[in-house]
Each structure stands twice: as structure tokens, then as C-alpha cells.
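*Asks:* Quick one: the structure is below, and I'll ask about it shortly.
Values quoted throughout were computed directly from the atomic coordinates according to the rules given, and no laboratory measurement underlies them. Nothing here was measured: the structure is a model prediction, and the numbers come from that model. Please note: Cβ atoms are built from the backbone with ideal geometry, for glycine as well, and neighbour counts cover all protein chains shown.
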Amino acid sequence: MKQMIRVDARGDQCPVPVIKTKKALQELGGAGSVEVHVDNEIAVQNLEKMASVKQLSCHSEKLAERDYRVVITAGEPEAPAKEAEQGRTAEVCGPDRQNRTVVAISSALMGTGNEELGKVLLKGFLYALAQSETLPSAVLFYNGGVQLTTADSESLEDLKELEGQGVEILSCGTCLSYYELTGQLMVGEVTNMYTILEKLQEADKIIKP
Amino acid sequence: MDENIVFCKGGGCTAKLGPGALSRMLDKLPRKQDENLLIGFDSSDDAAVYRLREDLAIVQTLDFFPPMVEDPYTFGQIAAANALSDIYAMGGEVKTALNIVCFPEHYDLNILGKILQGGSEKVQEAGGILAGGHSIFDTDVKYGLSVTGVIHPDRIYANNGAQPGDRLILTKPLGVGIVTTADRVGEASVEAMEQAVASMSTLNKYAAERMKAYAVHGCTDVTGFGLLGHLAEMTGKGRGAVLYGEQIPYIPEARGYAEEFLITAAGQRNRNYLGDRVEFLREDFPLEEILYDPQTSGGLLIALPPAEAESLLAELQTLPISSAIIGEITADRKLVIK
């Protein structure tokens, strides 16, 4: 059973709650969690800030007028912080993913002209995307594009790499069905036109190679 | 001190109310229209300025707070320097001051004596007269001054006249709140505290004197709302600024203390209030904290045209505490840190 240390920092002025929590985290010496009670919201925010900078997962709730409970967990793959007041979300180690860029792959080919070349180009594009420092939040595959996420694709490794970094890989269900590729999806999830539309609408930037 | 009293609980300007809460309340107060009130609470300025004659206006201000250092005499000096600062930020001349004192009934009165001595010597250094004051019993120690100064109505440095392209000069290093907070939990080095105390107890008078020959567009003193908070007041709704992260002066140890999260509640309130008006282009958490850190008796933040800024900076560098050009005013609303 994982260790849990309780800290009562009610009545303490900043930075004492943070200091007590830091000490408790050190005492844990590895996996476990620290449950801190503070009596004001600012202390909660300072604790969340610390958790975020240390890349630890952190959850908080208000129990009563002057009783807030903050739980900081160490030694786990951390979850994004629920309360991101300062726009500082706890990030999984990896390249920047806070942008809302969406890549739309609408064909198995990149560009118009020679088909062989088109396949090679798209493969190269997905490879470069997987190596890129700035990752999109999602890659959408529809019409001919679903050939890249299914059994015979030469880009599965790259797409799995992207998925591992938290990028959504979404393939249109209707298209998979049309090309008789249902059940042959090798990476990511099946999606529908509503989701595709939503992703495109919410995106700050849409890349269509 | 012989008594085992908790003299210093985290005072100074870290004890201020948050800016958001304050402005909401102030907006609701009734206001009388008087054209002689040259500066009031409309412009988030440091003091009130009231015209008596064509060539004469009075500047009125007050500041008081709990201790941020253990030594009572030093506390008195710092509290007084902090209160007097508003007069200099306006471009005025100190004339009189009155003590504001809260003191627990059972404490040794010698402590109060030392606080008052520190305060009175600082007022004297400012060229003013300490003419009395008011004291009450309270659960905690608090001290400060109400200060009156004079100024020519045409020569007031409002804090919101800055123009795009103006350079920003800061006359004292930041990080004082963080260092005194670290000290309160026993983590500050002797050198860091010495620097903090020297900065807090230095009058802005000397910097203000050198400013007089220049076409200053805006000036404020950096105190409880941190550099970014006071910069936001100075730029108001129609202007913004770009700060050069490398140029911002701060007590070196403050960076390490910020990395250890020895930070204040007030700093977080300042951060909350400014929200996304502030944009950090560099990933530097300690610097962020330093820029939100409430300063007690901080330096002057001056906005003036580039050529003038270089000359003024040269003159300011003859003073014991270094100044620096830390950025410039822009026409965009954002406060950007490069």
C-alpha cells in the first residue's frame, strides 16, 4: 500500500504550507502521496504551483469555509492538474503540446501528380511529424487517409510514436467501412464526422499536407 | 529582545490586501467632484494630490504594516522609508509626517521606542518633520507614517503618462519579499538579508532628485503589487510593456529561494490579479515569482524617452544601489517578458 503523509498547515502563512509539504515529499522518498490541509485558497494555489513545477500530480478540494485539502502524489505517471489557474498545466515529459494544431490527412497521397511519389511524400511527412518538436494535438484521417492507420500502412511506427506522445490519432469510421478496413485499425481510434468537424473548428491551426 | 514574542509574522508589503479586492471596493465609494483634486483614486496613484494655489499642491499619503525584519530600529527605518517613498514617486518634497502605531499591551515599550527612533531618523534624513502621531493597542505590532508633502501642480509625475517607446528604469533590485520570507523561516543568508535591508531602508529621495532634470513621462514606486502589478498600474488600459528578462535586477539569492518555493501569498494574489495580461516568453519560474514578488519600500519605476533614459541611468549609477533599464513601453496591452 502506498504511503500517505498528512500535513496540517491550517493557520500557517505562506510559504510554510509549501515548506511542510516539500519536507513530507522528501520523507516519502519515492512513491506515495502527501495530503495537506490549508485554510485559504492562495495556499492551495501555491501548492499547485509547486506540484506543477515539480511535475507531480495534484488534486484539491474545498471541504469547508477554511479547510481545503490538497493531495500531491509522487512516483506515478502524473495526470494533468485539474486546476490550471495560471495556465500552467502539469505536463507529461515531452515536446510542447499546449497548442491546438490539427493535421488533416485526407488521402493516402501527398500532393497531386505521380502516385508513387505521393505515397513516399506522405510517409516522409508523417515521419517528420513524429520527430517534430511541436506536436499537433490531433491527426485526423479520412477518405484515403485511413490507409495510413490500418494494417498495410508503412507509417504505423511513426503514428504509434505520436500516439505515445499524447497526440490523438483519429480515423473516420465511415471511411474505414467503405474501404473494408474496419477491424484493421492498428493505431488510434475510430471517429465520426461530428468529432472531425469539432476538432477542425476548435483548432488554432490546421495543417493539410 | 528578551521576550519570546513573535515579532515578525510576514509583514511589510506582503501584508497588503490584493489589488482586485481593493479596486472593487474602492469603485463603490461615493466620490465628490472637485477639480482641485489633481490625483485621486481614479488613476491608481500612490498618493492624493490637491491643488491649493496655482503654484502649490499638497501630496498626502500613508503606509503602515507589520514587521518584516526582527530588529525594531531597522523596522522603523524601513516602514518610514516606505511611507515617504510615495511623495518621491510623485515628484514632491517631504514636509511633515505623523506616526501610526499598533502595539500589544504586554510588550516591552523599549521595543516601540526603538521602532519610533528608526522612523524619526528616517524622516529627518528625508528633510521632513515628525510632528506627532497616533497609537493604539493591538494584538500585533504595526508601524508606519502618514506623510504630507508639497509639489508644483505642473510638475507632478503621474504614474500613467508613459508613451510607447519610453524606456523603463528601475532604481532598486527586486526579490525583497522573497528574501524576507526566506529569512522568516530561517533560510536566508546573511548577505541576502543585508542587501534586502539596505534596499528597503534607502530613501527614493536620491533617485528622485536626479530625475528632476529629465522629461519623465511616468513614475511610480514598486511596492506591494510587485513590479508587474505597479507596471500594470503605470500602463493602465491603453499601454503595455516589454521587459528584458536578462536586465531585471534582483538580489541573486532570491532566485534560489524562489526555486525552493519560499514565496508569499501576496505574490500569488498579484499573479491572480494580472492573469493573462502578463505573457512570459521565457520559461523561468523563479523570475516569474520575482516579478510578482511584493516589494517593501521598493525602488522607483520611471518611464522616459530613450535618450533621456540613458543619461538618467548614468547619473543614477553614482548612487550606492544600482539602477537598470529593464524594458520599454508598448502600445499593446500585454506585459511581455522576453
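*Asks:* Restricting to DSSP loop positions (anything but H, G, I, E, B) with no more than 13 other Cβ atoms inside 10 Å of their own Cβ, which GluC sites (Glu not before Pro) remain in segment B:250-338?
*Replies:* Values: sites: B:Glu253, B:Glu259, B:Glu260, B:Glu279, B:Glu283, B:Glu288, B:Glu289, B:Glu308, B:Glu310, B:Glu315, B:Glu328; in loops: B:Glu260, B:Glu283.
The qualifying sites are B:Glu283.
*Asks:* In segment B:48-161, what percentage of the DSSP-assigned beta bridges are antiparallel, given to the nearest 5?
*Replies:* Details: 23 of 30 bridges.
In segment B:48-161, DSSP labels about 75 percent of beta bridges as antiparallel.
*Asks:* Could you tally the net charge around B:Ala162, taking each other residue with its Cβ under 11 Å from the Cβ of B:Ala162, Lys/Arg +1 and Asp/Glu -1? Show your work: numbers first, answer last.
*Replies:* Values: positive: B:Arg167, B:Arg239; negative: B:Asp166, B:Glu233, B:Glu328.
Overall, the nearby charge balance is -1.
*Asks:* Between A:Arg66 and A:Lys2, what is the spin-label point distance in nm, taking each point 7 Å from the Cα along the Cα→C-beta axis?
*Replies:* Each label point is offset 7 Å from its Cα along the Cβ direction, giving 3.2 nm.
*Asks:* Moving to a separate point now. Using only the alpha-carbon atoms, how far is helix A:115-131 inclined from the longest principal axis of chain A? Give it as 0 to 90 degrees, nearest 10.
*Replies:* For A:115-131 against chain A, the angle is about 10 degrees.
*Asks:* Can you bin every Cα-Cα distance in the protein assembly as shown into 20 Å intervals starting at zero and give me the percent of pairs per bin, rounded to whole numbers?
*Replies:* Result returned by the calculation: 19, 43, 26, 11, 1.
*Asks:* Find out how many positive minus negative residues lie around A:Leu63, taking Lys and Arg as positive, Asp and Glu as negative, among other residues whose Cβ is under 14 Å from that of A:Leu63. Before the final figure, lay out the partial values.
*Replies:* Details: positive: A:Arg6, A:Arg10, A:Lys62, A:Arg66, A:Arg69; negative: A:Asp8, A:Glu35, A:Asp39, A:Glu41, A:Glu61, A:Glu65, A:Asp67.
Computed value for this residue: -2.
*Asks:* Provide the FRET efficiency to the nearest 0.05 for the B:Leu22-A:Glu163 pair, computing r from the beta carbons and using R0 = 60 Å.
*Replies:* Working: r = 49 Å, r/R0 = 0.82.
Result of the calculation: an efficiency of 0.75.
*Asks:* Starting from 0.36 nm per residue, how many nanometres of slack lie between B:Arg155 and B:Gln124 once their C-alpha separation is accounted for? Please report the intermediate quantities before stating the final value.
*Replies:* On the way: separation 31, 0.36 × 31 = 11.16 nm, distance 2.42 nm.
Using 0.36 nm per residue and subtracting the Cα-Cα distance, I get 8.7 nm.
*Asks:* Under a crude label model (7 Å from the Cα following the beta-carbon direction), how far is A:Met186 from A:Asn114 in nanometres?
*Replies:* The two pseudo-label positions are separated by 2.5 nm.
*Asks:* Report the antiparallel proportion of the DSSP beta bridges in the protein assembly as shown as a percent, rounded to a multiple of 5.
*Replies:* Given both bridge residues lie in the protein assembly as shown, the antiparallel proportion sits at roughly 60 percent.
*Asks:* Using a basic spin-label model with each label point 7 Å from the Cα along Cα→Cβ, how many nm lie between A:Lys205 and B:Glu191?
*Replies:* Modelled inter-label distance: 4.4 nm.
*Asks:* Moving to a separate point now. Residue by residue through segment A:60-68, what is 3J(HN,Hα) from phi via Karplus (6.51 cos²θ - 1.76 cosθ + 1.60, θ = phi - 60°)? Round to whole Hz and write x for glycine and proline.
*Replies:* Those phi angles translate into 9, 8, 8, 8, 7, 3, 10, 9, 10 Hz.
*Asks:* For segment B:135-189 and segment A:26-46, what is the centre-to-centre distance using only Cα atoms, to the nearest Å?
*Replies:* Going from one Cα centre to the other spans 32 Å.
*Asks:* State the extension gain, in nm to one decimal, for the chain segment bounded by B:Asn36 and B:Ala314, taking 0.36 nm per residue of separation less the distance between their alpha-carbons.
*Replies:* Between B:Asn36 and B:Ala314, full extension yields an extra 96.4 nm.
*Asks:* Report, for segment B:167-337, the % of DSSP beta bridges that are antiparallel, rounded to 5.
*Replies:* On the way: 16 of 23 bridges.
For segment B:167-337, the DSSP antiparallel bridge percentage is about 70.
*Asks:* Segment B:160-203: D in µm²/s via Stokes-Einstein (Kirkwood Rh, Cα pairs, 37 °C, 0.692 mPa s)? Walk me through the numbers on the way to the answer.
*Replies:* Working: Rh = 12.2 Å.
The calculation lands on 269 µm²/s.
*Asks:* Right, something else. Could you tell me which of the pairs A:Lys54/A:Lys160; B:Lys28/B:Lys237; B:Lys212/B:Lys338; A:Lys23/B:Lys338 are separated by over 25 angstrom between their Cα atoms in the structure shown? Mind dumping the intermediate values first?
*Replies:* On the way: A:Lys54/A:Lys160 28 Å; B:Lys28/B:Lys237 20 Å; B:Lys212/B:Lys338 30 Å; A:Lys23/B:Lys338 33 Å.
From A:Lys54/A:Lys160; B:Lys28/B:Lys237; B:Lys212/B:Lys338; A:Lys23/B:Lys338, over 25 Å: A:Lys54/A:Lys160; B:Lys212/B:Lys338; A:Lys23/B:Lys338.
*Asks:* Okay, moving on. Say R0 is 56 Å: what FRET efficiency, to the nearest 0.05, do A:Glu198 and B:Leu62 get from their beta-carbon distance?
*Replies:* Values: r = 56 Å, r/R0 = 1.00.
E between A:Glu198 and B:Leu62, to the nearest 0.05, is 0.50.
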